[in-house]
Amino acid sequence: VYRPVIIAVCGSGKFETGLSLMKEAVSKGEKMDTISMNSIINACSKSSTHWTMCFKLYQDMVTHGPVPDDITYRTILKCLANVGQWEKAVRFLNDMWKLNSAFSKPDTRAYSVVMIACANARPAKWDKAIELHNEMKERGIEPSAHSLSAVITACSRAKKLTPVLSLLN
């Protein structure tokens, strides 16, 4: 009964209301599902002042359920990228590999988000973006136009054109 309401209020950006509804539902014995939790995490990730709540909700999912899915992981990465936490995004991406879950395996979208975080860092972390690009290829993940664009943006912002040219090879 709570799921559609949580999704609706979080979709309108009211994560505090979503959190309140979640607590109310849980207090009444209702279990949260992954979609509801992802809705709350996504709404929370858009707040530059409440981004740490994303991790608390994620940790609650890991500890008590429901099981995080690929959307959960990408949302956490986007949250970190949006608030300029490129180092935490890199660590979280690495942690995703260690979890050994079908849902936690990084894909080109996950790598792209982290490379965008590197491009948006001040100064741009062009070398880390290239490292991630190479790691992605070594792990058998095909680069996309989006991931290449993220690397090129990082290099461009750092005024490092030679590495960009090497990507063409």
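Remarks
- Proximal lysines to residue 56, defined as alpha-carbon separation beneath 30 angstrom and excluding residues fewer than eight positions away on the same chain: 14, 23, 28, 31, 46, 78, 88, 98, 105, 125, 128
- Carbon plus sulfur fraction of accessible area for the chain, probe 1.4 Å, in percent: 55
- Our analysis of the chain gives Rg over Rh at 1.04, with the two radii drawn from alpha carbon positions and Rh computed by the Kirkwood formula.
- Within a straight-line Cα-Cα reach of under 20 Å, residue 137 can be paired with the following aspartates and glutamates, leaving aside sequence neighbours fewer than 8 residues apart in one chain: 70, 95, 107, 127.
- Per-residue SASA remark: residue 35, around 80 Å² accessible (1.4 Å probe; ligands, DNA and RNA not included).
- When 146, 64 are compared by accessible area at a 1.4 angstrom probe, the order from most to least is 64, 146.
- Rounded to the nearest 10 square angstrom, residue 155 shows an accessible area of 0 square angstrom against a 1.4 Å probe.
- What segment 1-123 shows is 51 Å² of accessible area per residue, with the surface traced by a 1.4 Å probe over protein heavy atoms.
The values are calculated or read from the model by the stated rules, or taken from the named source; none is laboratory data. A quick note: this is a predicted structure, and the numbers were derived from the prediction, not measured. Areas reflect the complete protein model, heavy atoms only, side chains present, ligands, DNA and RNA absent. Shrake-Rupley method; radii C 1.70, N 1.55, O 1.52, S 1.80 Å.
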